[in-house]
Structure formats: structure tokens, C-alpha cells
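A.B. asks: Handing you this structure, nothing more for now.
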């Protein structure tokens, strides 16, 4: 029996896949629990429509992320830290502090998506890379200044 999975099922397949399962398992477990639907012409049409819609949403999110990456390239985010006479910085700026500053500016970025996770601990401009969306990497310009 061929079924279309509505959700990910361990050892069977992922959402949206058409899989071959035994008749009893398909009817009594997958379909009965709402994890799958039988493969019919109508269900295949619905699956195709859903995949088109997901592709359109993916393209829109990717374009939005590219726009945000271009916007971030031109901006500098200033942080003031204590520094010694020889230019040594006391403390550092973490990704959490960068995210808080971005949120104040109205830019939403997840702190777990930062590729450069080391704290910024040197005066001047440091470029921090962040994964905005699958394959779209933005650069945040962090400028540390002396208090």
C-alpha cells in the first residue's frame, strides 16, 4: 500500500514522501492516527500544491534574508568597553549582546545562528558572520570603542 506521510515517522520517512508500507500498518496505524493519507489522484494533487506553496515561501524568505544581509553590511553597531592605556580591552562583547542591540534596531536574528561565536575582544571593527537563512550569510560590523 502506498501512502503519503503527513508528518515525519521514524524508520518510515519524512513529511510529504510517498512510501510503500504493508496494508495493515498503513490502515491500522498510519492512517488511523492521522500520520498519513492513502495515495489517490486527489491526494497527489494536494501534495503538489503544498510543495509549490512551500517552494514559494522558501523563495520569499530567501529574498528577505538577502535583503537583510545587504542592509547589515552597511551598518555599524557600536559597543563601548573599558580599555587600558595600551589599548587592551577589559571584558568583551558576546553574541548575546549583539543580538540585544540588533533587536533594539528592529532586526531579528537568532543567537544560535552566529558562525563566529567567539566574543569580540579588540578595539576597532570586527566582522561577525551570521546565517540568516539556508545558504544566506550576513556580515555584522561590530565596532568596539573605548569609554
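A.B. asks: Collect the residues in region 7-16 that are surrounded by 16 or more Cβ atoms within 10 Å (Cβ to Cβ) and either outside any strand (DSSP E or B) or in contact with a helix residue (DSSP H, G or I) (Cβ under 6 Å, 6 or more places away or on another chain) (or both), keeping them in residue-number order.
C.D. replies: Once the filter is applied, which keeps residues that are surrounded by 16 or more Cβ atoms within 10 Å (Cβ to Cβ) and either outside any strand (DSSP E or B) or in contact with a helix residue (DSSP H, G or I) (Cβ under 6 Å, 6 or more places away or on another chain) (or both), region 7-16 yields only 12.
A.B. asks: Here is a follow-up. If you check 19, 37, which single one turns out to be surrounded by 14 or more Cβ atoms within 10 Å (Cβ to Cβ), assigned to a strand (DSSP E or B) and touching a helix residue (DSSP H, G or I) at 6+ places or on another chain (Cβ under 8 Å)?
C.D. replies: Values: 19 fails: touching a helix residue (DSSP H, G or I) at 6+ places or on another chain (Cβ under 8 Å).
37 is the lone residue from the list that is surrounded by 14 or more Cβ atoms within 10 Å (Cβ to Cβ), assigned to a strand (DSSP E or B) and touching a helix residue (DSSP H, G or I) at 6+ places or on another chain (Cβ under 8 Å).
A.B. asks: In addition: Only one of (1) touching a helix residue (DSSP H, G or I) at 6+ places or on another chain (Cβ under 7 Å); (2) at pLDDT 95 or above is not met by residue 77, so which one is it?
C.D. replies: (2)
A.B. asks: Hey, residue 109 hits all of (1) part of a loop (DSSP other than H, G, I, E, B); (2) closer than 22 Å to residue 15 by Cα but one; which does it fall short on?
C.D. replies: The number of the failed condition is (2).
A.B. asks: Please list, ordered by first then second residue, the pairs with beta carbon atoms under 9 Å, 6 or more apart or interchain, first in region 93-115 and free of Cβ contacts under 8 Å to residues at least 24 places away in the same chain, second crowded, with 18+ Cβ neighbours inside 10 Å and assigned to a loop (DSSP other than H, G, I, E, B).
C.D. replies: Sorted first by the residue in region 93-115, then by its partner, the pairs are 99/109; 103/109.
A.B. asks: Here is a further query. Only one residue in 104, 82, 108, 75 is assigned by TED's automatic domain parsing to the domain that holds residue 129 and either surrounded by 11 or more Cβ atoms within 10 Å (Cβ to Cβ) or at positive phi (or both), so which one is that?
C.D. replies: Values: 104 fails: either surrounded by 11 or more Cβ atoms within 10 Å (Cβ to Cβ) or at positive phi (or both); 82 fails: either surrounded by 11 or more Cβ atoms within 10 Å (Cβ to Cβ) or at positive phi (or both); 108 fails: either surrounded by 11 or more Cβ atoms within 10 Å (Cβ to Cβ) or at positive phi (or both).
Residue meeting the stated conditions: 75.
A.B. asks: Let me ask something additional. For the subset of region 127-141 comprising residues that are over 13 Å from residue 68 (Cβ atoms) and more than 12 Å from the chain's Cα centre (by Cα), which member is surrounded by the most Cβ atoms within 10 Å (Cβ to Cβ)? It would help to see each step written out before you state the result.
C.D. replies: Going residue by residue through region 127-141, those that are over 13 Å from residue 68 (Cβ atoms) are 127-129, 134-135, 141.
Then drop every residue that is not more than 12 Å from the chain's Cα centre (by Cα), which leaves 127-129, 141.
Numbers: 127: 11, 128: 20, 129: 13, 141: 15.
Of everything passing the filter in region 127-141, 128 is surrounded by the most Cβ atoms within 10 Å (Cβ to Cβ).
The values are calculated or read from the model by the stated rules, or taken from the named source; none is laboratory data. Here the structure is a predicted model, which means the values were calculated and not measured. All Cβ positions, even for glycine, are placed from backbone atoms using ideal geometry, and neighbour counts span all protein chains on display.
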